[in-house]
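Undergrad: Could you have a look at this structure, given as structure tokens, before my questions?
The values are calculated or read from the model by the stated rules, or taken from the named source; none is laboratory data. The model shown is predicted, which means the values in this text are computed figures rather than measured ones. Every residue, glycine as well, gets a Cβ built from its backbone with ideal geometry; the counts of neighbours run over all protein chains shown. These accessible areas exclude ligands, DNA and RNA; they are computed on the full protein's heavy atoms, side chains included. Shrake-Rupley method; radii C 1.70, N 1.55, O 1.52, S 1.80 Å.
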Amino acid sequence: MRHPVDDGPAGRMLADLLQRSHLMAPADLADYLTEAAQPLGISGVRIFLVDLQQHRLNALPGGSGRAPSSLVIDSTLAGRAFQTITVQQAGEHPDGHRLWVPLVDGTERLGVMEVSLAAESGPVEALGDDGTRTLLERCRMLGSFAGLVVAAKSVYSDSFALVQRSREMALQAEMVWAFMAPRTFATSKVLLAAALEPAYEVGGDAFDYSLLGEHLHVSIFDSVGHDLTAGLISSVAMAACRCVRRSGGDLTALATRADQAIADQFGASRFCTALLCDLDTLTGTFTWIPCGHPPPLLIRDSKVIKELLREPRLPLGLTEDRVGPAVTAASPVYTEQLQPRDRLLLYTDGVTDARAADDRMFGLARLADFVIRHSAEGLPAPETLRRLNREIVNYQHERVRDDATVVLLEWMPRRPEAQLTA
């Protein structure tokens, strides 16, 4: 039996788009999609990209659609498609029907695609089971292609970045965001989601990760200060980690290289706390070096099991000729055996130390409760952290005093393909 996406029109559309994509200008993406999809009964396509803080969905120029150029994620059908990573159907309209299709690159949510159906097509339900299945598969295929193009062409064009921003970014934030990996990553064995605020002014916080074979390296950094130098320190730390990883070095070598690089470049007054971690995705062995940083939090069966509190080494940049004893050869390396579906929460003190108007701190208990409660509701991990970001900002009445970063790591997640892909 033929799979729905194997039909001739869809195959020809995809082949044509792939061929034309090599010379496609980023700003022309929506127009190309609209033209190519017409033989499939689609009268218009419009691309909406999520803004940096993941509050709104903003339309790319071009394309054909009926929605306003900017949509709030928390109160629109398009936003629901983004939050749940599911196709949503809009109500009947005089000139046809609409679908909202998630736009995903791998597991990173990029936005949504507004698909307008030709008026003669009628509502999706009128197509019958096979027709509905075929239409949805075609739309998902179109969305997957659009996601790949957005991700690929973002490297050498600012067209998408302009749409994703609501104001000018601080210089240190520009540098740190350019270094960091996407906020979501997953395989069948591991899931990672990250969040960071204040998005436009962040300087000292950063996160990094990389999968090599069965090992996932994860790091979180918090450099002292909130200026350009803080951003430089975090960038140097990430660069040092990548340099060692790509040379086959272990966590100890990684800590040594980052420590020396920061100390040599920035002197005794500046340093960076960090967690340098490695997860064996085959066995569930979690290994880490704490560098003056808050400890990871272990969550199991919707309960906080413990803080992985161990004796830390000094923060990166505080070497023997400046502060304390030698740390190069004595960096403590700790291990913890995880169970399937265990989650590790890595965070910076800007999260737990966030203060309300009455000076009450956000605190570790509130952080853990938020993640556990929203995960129990069945929300995908990236959506849980998106809402956590908003909660932290609202708790401080929009006046974020310190960088706040959270990384959620889950080993052997339950059906990540259902949670994170369209």
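Undergrad: Going 7 Å from the Cα of Thr283 in the Cα-to-Cβ direction, what parts of the stretch 244-268 have a backbone nitrogen less than 17 Å from that spot?
TA: 250-252
Undergrad: Cα centroids of the stretch 270-304 and the stretch 361-422: how far apart, whole angstrom?
TA: 17
Undergrad: Let me ask something else. Can you work out the Karplus-derived ³J(HN,Hα) for every residue in the stretch 74-81? Use 6.51 cos²θ - 1.76 cosθ + 1.60 with θ = phi - 60°, whole Hz, and x for glycine or proline.
TA: Computed from phi, the couplings for the stretch 74-81 are 7, 9, 9, 5, 4, x, 5, 4 Hz.
Undergrad: Follow-up. Within straight cross-link reach of Lys303, meaning Cα distance under 15 Å, which aspartates and glutamates are found once same-chain residues fewer than 8 apart are removed?
TA: Partners found: Asp342, Asp369, Glu377, Glu410.
Undergrad: Could you run the Debye sum over the Cα atoms of the stretch 167-323, one equal point scatterer each and no solvent, and tell me log10 of I(q)/I(0) at q = 0.09, 0.10 Å⁻¹, two decimals?
TA: -0.29, -0.36
Undergrad: A follow-up question, please. Working out 0.36 nm times the residue gap between His397 and Ala376, then minus their Cα-Cα distance, what length gain in nm do you get to one decimal? Please report the intermediate quantities before stating the final value.
TA: Details: separation 21, 0.36 × 21 = 7.56 nm, distance 2.67 nm.
That pair, His397 and Ala376, stretches by 4.9 nm at full extension.
Undergrad: I would also like to ask the following. How much accessible area per residue does the chain have, in Å², with a 1.4 Å probe? Don't jump to the answer; show the numbers that get you there.
TA: Values: 17890 Å² over 422 residues.
Heavy-atom accessible area per residue stands at 42 Å².
Undergrad: Of all the accessible heavy-atom surface of the chain, with the other protein chains kept in place and a 1.4 Å probe, what percent is carbon and sulfur?
TA: Ligands and nucleic acids excluded, carbon and sulfur reach 52 percent.
Undergrad: Also: Could I have the simple spin-label model distance between Asp264 and Leu23, label points 7 Å from Cα toward Cβ, reported in nm to one decimal?
TA: It works out to 4.7 nm between the two label points.
Undergrad: Roughly speaking, what is the centre-to-centre gap between the stretch 172-213 and the stretch 24-86 when only Cα atoms are used, to the nearest Å?
TA: With the stretch 172-213 and the stretch 24-86 each reduced to a Cα centre, they are spaced 24 Å.
Undergrad: Right, something else. With charges only on Cβ, +1 for K and R and -1 for D and E, what is the dipole size of the chain about its Cα centre, in debye, rounded to 20?
TA: So the magnitude is around 320 debye.
Undergrad: Now, a different point. Rounded if a/c is under 1.5, else prolate if a/b is larger than b/c, else oblate: which is the stretch 139-228, with a ≥ b ≥ c the root eigenvalues of its Cα gyration tensor?
TA: oblate
Undergrad: If I take R0 = 45 Å and measure r between the Cβ atoms of Asp227 and Glu137 in this structure, what FRET efficiency does the formula 1/(1 + (r/R0)^6) give, to the nearest 0.05? Could the numbers behind the result be given before it?
TA: Working: r = 50 Å, r/R0 = 1.11.
Efficiency at R0 = 45 Å is approximately 0.35.
Undergrad: Would you mind getting the Kirkwood hydrodynamic radius of the chain from its Cα pairs, rounded to one decimal in Å?
TA: 22.8
Undergrad: What's the extension gain from Asp130 to Gln337 if we count 0.36 nm per residue and subtract their Cα-Cα distance? Display every interim value, and only then the final one.
TA: Numbers: separation 207, 0.36 × 207 = 74.52 nm, distance 4.65 nm.
Length gained, Asp130 through Gln337: 69.9 nm.
Undergrad: Shifting gears a bit: Please give the residues of the stretch 193-223, grouped as numeric ranges, whose backbone N is less than 16 Å from a label point set 7 Å along the Cα-to-Cβ vector of Asp250.
TA: 215-217
Undergrad: For the stretch 155-171, take each phi angle, set θ = phi - 60°, evaluate the Karplus expression 6.51 cos²θ - 1.76 cosθ + 1.60, and give the result in whole Hz per residue in order, putting x for glycine and proline.
TA: Whole-Hz 3J(HN,Hα) from phi for the stretch 155-171: 5, 10, 9, 9, 4, 6, 4, 4, 5, 7, 10, 10, 7, 5, 9, 4, 4.
Undergrad: Taking a ≥ b ≥ c as the square roots of the Cα gyration tensor eigenvalues, with a/c under 1.5 meaning rounded and otherwise prolate when a/b beats b/c, else oblate, which class fits the stretch 144-187?
TA: Oblate is the answer for the stretch 144-187, as a/c is 1.5 or above yet b/c matches or exceeds a/b.
Undergrad: Using the Cα gyration tensor of the stretch 265-422, with a ≥ b ≥ c the square roots of its eigenvalues, what is the shape: rounded (a/c below 1.5), prolate (a/b larger than b/c) or oblate (neither)?
TA: It is oblate, given that a/c is not under 1.5 and a/b is not larger than b/c.
Undergrad: With every protein chain present, what accessible area does Thr84 have (1.4 Å probe, heavy atoms only), rounded to the nearest 10 Å²?
TA: Solvent-accessible area, nearest 10 Å²: 40 Å².
Undergrad: Could you give the length gained on full extension between Thr86 and Glu307, defined as 0.36 nm per residue of separation minus the Cα-Cα distance, in nm?
TA: Fully extending the segment from Thr86 to Glu307 adds 76.1 nm.
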